[in-house]
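Q: Take this structure, written in structure tokens, and hold onto it; I'll ask about it next.
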Amino acid sequence: MATARIVDVGRFVDQDVEVSGWLQARRSSGRLHFLIVRDGSGSIQGIVSARDVDPGLFALAGRIGQESSLRISGHVRADSRAPGGFEMTVSGLTVIHEAHEYPITPKDHGVDFLMSNRHLWLRSSRQQAIMRIRARIIGAIRGFLDSEGFTVIDSPILTGNAAEGTTTLFSTQYFDQTAYLSQSGQLYVEAAAMALGRVYCFGPTFRAEKSKTRRHLTEFWMVEPEMAFFDLDDSMALQERLITHIVATVLDRNGDDLAVLERDTTALERVTPPFPRITYDDAIEKLRALGEEITWGDDFGGGHETVIASEFDRPLFVHRYPSSIKAFYMKADPARPELALCADLLAPEGYGEIIGGSQRIDDLALLEHRIDEHGLSREQFDWYLDLRRYGSVPHSGFGLGIERTVAWICGLHHLRETIPFARTLDRLYP
Ligand code: 4AD
Ligand code: MG
């Protein structure tokens, strides 16, 4: 007999086919059992009738618990009322593994319970939808950068220096030295940009974030493009096209998943260029006018980002923050040296910063000075300083957080559901 993934069962209407999967749910009424079988590509209802199968098989179909693994075979019928549009009249049932007392039932469970059972929770249709959208976003990013002439450069995870400040470093013993888990691949892609022009890294990054917020993980995935001969405006234009492409791709390809998540897609359809751009100065003024307590020179908290972004209907760039609250490598604005040539992209609907980027310092003496000011060691950055000794050029780059982007596009309040196995202050298991 032919076998099929459930998504392809429609090709076998009025024929017999076998599918393999897990028992997602069962309803029984007298001499009928309705088995909902899921295989990752979709779900199908198999109808087991006492009239058609022998009593042993009928009893088995009524006994196996939720998430038992099985194969069912039978006749496929088109039925517009059925989820997916097809049903099977079951003639054969093989139980591969009989499960009982599956911990996650259709009733409501608390988030903590679900996170402790994350390895099982992934099987729910909601979590599958999120994982498919996550995969689509990653694919769209790679496809876009590829089409723009970028080369992927895998940056190391074990590193000797801090790229994003020394307060959130995870250290680990590295033979007789201390190594740090990478906070960012930026410094390495800057080196590679001097070789290949347009490059990006994509990988896990680590920050020992001691605060519990819905927007912070200790391990998150970041894509970091770095472009030689790009100034801040060139970089913002690229970001705008990247984000537009990601959102359009998900809308085009993951409509069913967005529907499972009950995502309001009209908000996503508005994500078209140009994205508004406001300066940090303007943002501070706006916040104060809206009654927020903040003074010039303060960094924004998540709450401030939400307030500013809710004034706009699409992603918004805030540019030229004070250098004093930004990383050591950012170039100063020649017109206002106290400001950095940097921009954060804030997602609408209260999702906060999804991209941080800047033009980099390209002058050796200035960069040395900034390294000193930040209390970093020149020796450890000697290789990075070489990039300003040999053919230094203006260059810019940015980092897009995958989980924040997934949260926004899926409409999820908390980052914990955006990554298969979230790492937070209080969670290293499962
Ligand atoms: O703004 P960040 O810290 O920028 C950098 O790391 C630069 N080196 C990027 C670059 O220019 N190449 O982080 C960039 C993005 C943020 O906008 C956010 O989306 C995400 O990474 N991010 C986090 N996501 C989840 N949990 C955390 N703790 C995050 N910290 C940053
Ligand atoms: Mg940032």
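Q: For Y174, which of the numbered conditions (1) open to solvent by 30 Å² or more (accessible area, probe 1.4 Å); (2) under 30 Å from E240 (Cα atoms) fails to hold?
A: (2)
Q: When you look at Q45, is it in contact with an Asp or Glu (Cβ under 9 Å, 6 or more places away or on another chain) and either exposed (fewer than 15 other Cβ atoms within 10 Å of the Cβ) or assigned to a loop (DSSP other than H, G, I, E, B) (or both), yes or no?
A: no
Q: Let me ask you something else. Among the candidates E338, E305, E293, which residue alone is closer than 26 Å to L415 by Cα and either away from ligand 1 (no atom under 16 Å from the Cβ) or out of contact with any helix residue (DSSP H, G or I) (no Cβ under 6 Å at 6 or more places or on another chain) (or both)?
A: E305
Q: In addition: If we scan region 207-216, do we find a residue that is surrounded by fewer than 19 Cβ atoms within 10 Å (Cβ to Cβ) and not in a loop (DSSP other than H, G, I, E, B)?
A: Looking through region 207-216, none of the residues is surrounded by fewer than 19 Cβ atoms within 10 Å (Cβ to Cβ) and not in a loop (DSSP other than H, G, I, E, B).
Q: Next question. Within the set of pairs 6+ apart or on separate chains, which have a first residue in region 103-116 that is in contact (Cβ under 8 Å) with a residue 40 or more places away in the chain, a second that is surrounded by 13 or more Cβ atoms within 10 Å (Cβ to Cβ) and of a type in the set (K, R), and C-beta atoms under 9 Å apart?
A: Within 9 Å, the pairs are V111/R416; M115/R416; M115/R427; S116/R427.
Q: Another question, then. Looking at E67, is it within 21 Å of Q128 (Cα to Cα) and among the acidic types (D, E)?
A: yes
Q: Quick one: which of G149, G165, G160, G84 is open to solvent by 20 Å² or more (accessible area, probe 1.4 Å), within 16 Å of ligand 2 (Cβ to nearest atom) and touching a residue at least 40 places away in the same chain (Cβ under 8 Å)?
A: G165
Q: From the set of residues in region 341-364 that are within 12 Å of ligand 1 (Cβ to nearest atom) and open to solvent by 20 Å² or more (accessible area, probe 1.4 Å), which is modelled with the lowest pLDDT?
A: Y351
Q: Has region 333-344 got any residue that is more than 27 Å from V271 (Cβ to Cβ), in contact with a Gly (Cβ under 9 Å, 6 or more places away or on another chain) and within 16 Å of ligand 2 (Cβ to nearest atom)?
A: no
Q: Inside region 172-188, can you point out the residues that are polar (S, T, N, Q) and within 25 Å of the chain's Cα centre (by Cα)?
A: Scanning region 172-188 gives S182, Q183, S184, Q186.
Q: Related question: Kindly indicate whether G375 is assigned by TED's automatic domain parsing to the domain that holds T166 and either within 22 Å of L196 (Cβ to Cβ) or touching a Ser or Thr at 6+ places or on another chain (Cβ under 6 Å) (or both).
A: no
Q: A further question follows. Restricted to region 111-138, and to residues that are open to solvent by 30 Å² or more (accessible area, probe 1.4 Å) and of a type in the set (S, T, N, Q), which residue is farthest from G40 (Cα to Cα)?
A: S116
Q: Need the failing condition index for V189 against (1) closer than 21 Å to L385 by Cβ; (2) without any contact (Cβ under 8 Å) to a residue 24 or more places away in the chain; (3) of a type in the set (V, I, T), just the number.
A: (2)
Q: Provide a single number: the residues in region 372-394 that are closer than 27 Å to E219 by Cα and either in contact with a His (Cβ under 8 Å, 6 or more places away or on another chain) or open to solvent by less than 40 Å² (accessible area, probe 1.4 Å) (or both).
A: Counting residues in region 372-394 that are closer than 27 Å to E219 by Cα and either in contact with a His (Cβ under 8 Å, 6 or more places away or on another chain) or open to solvent by less than 40 Å² (accessible area, probe 1.4 Å) (or both) gives 3.
Q: Is it fair to say P276 is in the same structural domain as M227 (by TED's automatic domain parsing) and either over 21 Å from the mean Cα position of the chain (by Cα) or hydrophobic (A, V, I, L, M, F, W, C) (or both)?
A: Spelling it out, P276 is indeed in the same structural domain as M227 (by TED's automatic domain parsing) and either over 21 Å from the mean Cα position of the chain (by Cα) or hydrophobic (A, V, I, L, M, F, W, C) (or both).
Q: Separate question: Does K326 count as touching a strand residue (DSSP E or B) at 6+ places or on another chain (Cβ under 7 Å), within 15 Å of ligand 2 (Cβ to nearest atom) and open to solvent by 30 Å² or more (accessible area, probe 1.4 Å)?
A: Spelling it out, K326 is indeed touching a strand residue (DSSP E or B) at 6+ places or on another chain (Cβ under 7 Å), within 15 Å of ligand 2 (Cβ to nearest atom) and open to solvent by 30 Å² or more (accessible area, probe 1.4 Å).
Q: Of (1) more than 10 Å from ligand 1 (Cβ to nearest atom); (2) buried (at least 16 other Cβ atoms within 10 Å of the Cβ), G399 satisfies all except one. Which?
A: It fails just one condition, (1).
The values are calculated or read from the model by the stated rules, or taken from the named source; none is laboratory data. Note that the structure is predicted; figures quoted are calculated from it, not measured. Neighbour counts run over all protein chains shown; Cβ positions are idealised from the backbone, glycine included. For accessibility, only protein heavy atoms count, side chains too; no ligands or nucleic acids. Shrake-Rupley method; radii C 1.70, N 1.55, O 1.52, S 1.80 Å.
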